[in-house]
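Below is one structure, written out as C-alpha cells; the observations come after it.
The values are calculated or read from the model by the stated rules, or taken from the named source; none is laboratory data. Everything numeric in this text was worked out from a predicted model, so none of it was measured. Using ideal geometry, Cβ is built from the backbone for each residue, glycine included, and neighbour counts are taken over all protein chains shown.
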Amino acid sequence: MRSPLVFAVLAAAALAVPTPTRAHCDTLDGPVVEAARKALDSGQLAPVLAWVREADEAEIKQAFVHARAVRKLGADAKSLADMFFFETLVRIHRAGEGAPYTGLKAAGQKLPTAIVAADQAVATEEGAAVERLLVEGVRHGLHERFARVRTQKAPGSDVAAGRAWVAAYVPYIHWVEAVDAAASGGGAHGAEPLEGGAGRAEHHAGQAAGAPAHHGH
C-alpha cells in the first residue's frame, strides 16, 4: 500500500501534463522574470544565474551588462532593455529544461490550482495543503480510469466488446506508466531520477515477478 507521500509524488506528474501549457516560468509575473527585475534594479545577477545552466552563464551575463547600460538612456530605453533581458533569460531557462520558448506571456495568467498550491507551499515552507491536493488528484484519476476498464468485458468471442475493453485499458495503462515514469524522474523535463523512487522499485519488482511491460499501445 502506498503512503500518502508517494501518492503525492505520483500525482505531481499526473497534474502537470502537458508541462509546457502549465508552466509559469514564461509569464511576466512568474518567478524567472521576477528574479530578472530584481537583478536589473540591484545589479546582483547571482539569483538570476540559478535559473540557467552553467554553460549558459556567459550569454546571460552579456545580456545583463547590455540591458543595464541601455536602461540609463531613458524611460523608453529602460522598458526595451528590460524586455530584452526578460526574453533572453526565459528563452535560455526553458531551453535548459528542454522546453520550447513561445514568447513571454502576460501577467495574471490563470494557473492550475496545483501550481498555485505548489508555489504557496514553497513560500510558506508548509507542504501539507499541496500534498492533500495532489493525493486527491491522483486518486481520482486512477479510480476513474480503472472504473472504465472494470465496466467493460475483457476480449473474448465478442469482438466489439473486446475493442471497448481495449479502448478503456490502453488509456488506463498509459496514464499509470506516465505517472510512474514521472515519479522516477523521467516524466518531467529537466527532472533528475529520484533515488529509490517508486517507479524504479516497481520496475525491478515487476521484472522479478515476470510482469509484462506495457509499451507501444
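Which of the residues belonging to the stretch 102-132 are loosely packed, with under 10 Cβ neighbours inside 10 Å and within 30 Å of Phe84 (Cβ to Cβ)?
Gly103, Ala106, Gly108, Lys110, Ala123
Yes or no, residue by residue, for (1) closer than 15 Å to Phe86 by Cβ; (2) at pLDDT 95 or above; (3) in contact with a Ser or Thr (Cβ under 8 Å, 6 or more places away or on another chain); (4) hydroxyl-bearing (Ser, Thr, Tyr):
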{"residue": "Phe7", "(1), (2), (3), (4)": "no, no, no, no"}
{"residue": "Pro18", "(1), (2), (3), (4)": "no, no, no, no"}
{"residue": "Cys25", "(1), (2), (3), (4)": "yes, no, no, no"}
{"residue": "Asp29", "(1), (2), (3), (4)": "yes, no, no, no"}
{"residue": "Arg37", "(1), (2), (3), (4)": "yes, yes, no, no"}
{"residue": "Leu40", "(1), (2), (3), (4)": "yes, yes, no, no"}
{"residue": "Lys61", "(1), (2), (3), (4)": "no, yes, no, no"}
{"residue": "Val65", "(1), (2), (3), (4)": "no, yes, no, no"}
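Mind checking whether some residue in the stretch 64-76 is within 16 Å of Glu34 (Cβ to Cβ) and either crowded, with 17+ Cβ neighbours inside 10 Å or in the same structural domain as Arg37 (by TED's automatic domain parsing) (or both)?
yes
Counting just the residues of the stretch 40-60 that are without any contact (Cβ under 8 Å) to a residue 40 or more places away in the chain and in a loop (DSSP other than H, G, I, E, B), which one comes out surrounded by the most Cβ atoms within 10 Å (Cβ to Cβ)?
Within the stretch 40-60, the match that is surrounded by the most Cβ atoms within 10 Å (Cβ to Cβ) is Leu45.
Those residues that are among the hydroxyl-bearing types (Ser, Thr, Tyr) and part of a helix (DSSP H, G or I), I need them from the stretch 119-177; list them, please.
Across the stretch 119-177, the qualifying residues are Thr124, Tyr169, Tyr172.
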